[in-house]
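Single-structure report; data block below.
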Amino acid sequence: MNWKTVISKVIPALACFGAGLLTAFVLLQKAPVYQPLESNKLALPLRPSAVQSKPPTKLLTATSTNTIGASVTTAKSQTRQSSTVADLEAAMHNRGNSWDFGKIFRALDGLNTNQFGEAIAACLKATDFSFEWVAVHELTARWGRLDPQNAFAFAETVTNSSHHAEIVAGILSGWAENNPAAATAYAKQLPNGQVRNPAIFAVASAVAAQDPQAAINLMDSLPAGKFRQGMIERLFSEWANRSPTEATAAALQFSGRERDQAIGVIASAWADQDPQAAYAWASNLPAGNTRNQAIGSVLLGYVAKDPQAAANMATQLPPGSAANQAIASIAYAWANSDVSAAIAWIQSLPDGAAKRAAVDNVSNQLFYRDPQSAAGLLALLPMGQESAGKYEQVAGQWATIDLSSALNWAKQLPEGPTKQSALQGVGAVWALTDPSGAITFALGLPAGNQKDDVLASIVNGWAMRDPQAAAAWVTQLPSDDARDDLVGSLARNWADSDPNGAAKWIESLPAGKTHDRAVQNFAQQMARADPINAIRWIDAIQDENIMRRTAQSIAYEWLSVDEAAAKAWVAQSSLPDDFKKSFASRKP
């Protein structure tokens, strides 16, 4: 098996180990120096544990692996160039990039089994996880094929539990290639826990190609979770490449999410080989979520080969959530390779839920890399409050690249919430570099909500760079509700970045409504992280209505942090009795 084949088989397993084993791989205890066993005696101290991973002797002696290994080693030694662990370490440090494994595998090919222990210890010290996992897996799998007894003996010397599980799984994957029955028996006798799950996964993955039903039987030994999901992905992907109809029959024996996952994997694999046949198969599945997901997976697989054909198929689906999801996914995938063609197709779609879903998907993708194209896409959506947030996001991102163009686009939009949001997005970014220019622009807008909201965005953006200057400008405005709103917004945002600085500014404000609004917003923002300190600010509010609303808001935030303390405080407070009664029965 060449190293490219190894990579193609090993990389999918990374996802399974990633959520569990790999969280502990960062810290490695010093690996012991390994020497091969003499005869069948364990010459090394075993890993101190109540449960050892050493396979029963009868399992090892029942396999002809050692004989096979000897012949393989002899044959290879005549043609390969020998290498040392030092050569491997040099290859580790001289790779072109994180996925450049050629030098490493050439070094691995030249090692003998009596060097494997030292080589694994060297790999486990690597700081690049992608290398460490692949290299250790390949070494342990080779050792499991050639000499499982000594391989398992080495595994018992590794005291780091995560590395131990990783090594055992690798050995089993190699052993299972030569003696699947023995490897299966060993993996199944392991106790439930950190070692068993990856061990079962490794054996099942190794036997899946030749005996998928045996892999399914092994998979039944796995609890629900990442390893079981990974096994479904691995098993049915390989099975579908050989016989999609047989794989489908097996997948339909599952239920719920596992059935949907298996069918989706088959659909993707089949679409790579024969998208037309895969589409016909998926369309003939029983109506329901499984069928919908299969069609979507087929079309997603097809879009890489022929996006126009996949798009045409998607538009022929019966109207509904499955069609909407398929159309949105195709649009997203198509935009990855040809934005203009994807947008043209979206524009040709009839108005409705599918078109909106496609616009949402692609505009989200384009926000950062091509905000101007994203802005053009948004024109396909109905203007209103529902799409206002997208307009603000596009305008803000566009303004970071080309302020003038973003501002001109926002200014020409029809009056309404979308234009207001776009101007807010531009204003917030503008304030970061030229607050005076942004303020001058906003003050020139017609009086009303649009002007007030754009000013608030500018003040908030300004406060990110220079909160003292923003505060000085706000407090010199004429006293009215608009100024109070700006003061409150500034206090809330300043509390996030510098609560001490915000507190000093608030304390400097004269008593009155402006001061009370500043305290209200500051305390409500603080309550999200520190409700006890937020409560202490309530007494600084003079207006009874503002004080009551602030206290109630803080109480709700406190409830989610410490239910008992929040309810005890409300019960002894001066808040209205009807609020106390309602709050006492409220759950976090």
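The values are calculated or read from the model by the stated rules, or taken from the named source; none is laboratory data. What you are looking at is a predicted structure, and each value in this text was computed from that prediction instead of being measured. So basically every Cβ, Gly included, is an ideal-geometry build from the backbone, and we count neighbours across all protein chains shown.
Here is how the numbers come out for the structure above:
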read-out: Flag if residue 245 is within 17 Å of residue 141 (Cβ to Cβ), part of a helix (DSSP H, G or I), out of contact with any Ser or Thr (no Cβ under 8 Å at 6 or more places or on another chain) and among the polar types (S, T, N, Q); value: no
read-out: Check on residue 107, in a helix (DSSP H, G or I), closer than 17 Å to residue 85 by Cβ, modelled with pLDDT under 90 and not β-branched (Val, Ile, Thr); value: yes
read-out: Members of the stretch 554-588 found to be under 42 Å from the mean Cα position of the chain (by Cα) and of a type in the set (Ser, Thr, Tyr), listed by number; value: 556, 560, 582, 585
read-out: Extreme residue, surrounded by the most Cβ atoms within 10 Å (Cβ to Cβ), among residues of the stretch 233-260 that are at pLDDT 85 or above and aliphatic (A, V, I, L, M); value: 251
read-out: Members of the stretch 183-206 that are hydrophobic (A, V, I, L, M, F, W, C), surrounded by 23 or more Cβ atoms within 10 Å (Cβ to Cβ) and assigned to a helix (DSSP H, G or I); value: 183, 187, 199, 200, 201, 202, 203, 204, 206
read-out: Total residues in the stretch 211-226, condition part of a loop (DSSP other than H, G, I, E, B) and closer than 22 Å to residue 252 by Cβ; value: 5
read-out: Restricting the stretch 338-362 to residues that are charged (D, E, K, R) and in contact with a helix residue (DSSP H, G or I) (Cβ under 8 Å, 6 or more places away or on another chain), the residue that is surrounded by the most Cβ atoms within 10 Å (Cβ to Cβ); value: 355
read-out: Residue match in the stretch 340-348 (condition: more than 28 Å from residue 211 (Cβ to Cβ), among the aromatic types (Phe, Trp, Tyr) and assigned to a helix (DSSP H, G or I)); value: yes
read-out: Selection from the stretch 164-180 of residues that are surrounded by fewer than 24 Cβ atoms within 10 Å (Cβ to Cβ) and touching a residue at least 60 places away in the same chain (Cβ under 8 Å); value: 164, 178, 179
read-out: Unmet requirement for residue 321, which otherwise passes all of (1) modelled with pLDDT under 85; (2) over 30 Å from residue 251 (Cα atoms); (3) small (Gly, Ala, Ser); value: (2)
read-out: Single condition residue 399 does not satisfy, out of (1) surrounded by 14 or more Cβ atoms within 10 Å (Cβ to Cβ); (2) at pLDDT below 90; value: (2)
read-out: Elements of type helices (runs of 4 or more DSSP H) contained in the stretch 443-497, each with 3 or more residues being under 22 Å from residue 510 (Cβ atoms) and over 39 Å from the mean Cα position of the chain (by Cα); value: 467-475, 481-497
read-out: Positions within the stretch 351-385 being within 21 Å of residue 419 (Cβ to Cβ), under 27 Å from the mean Cα position of the chain (by Cα) and not in a helix (DSSP H, G or I), in sequence order; value: 367
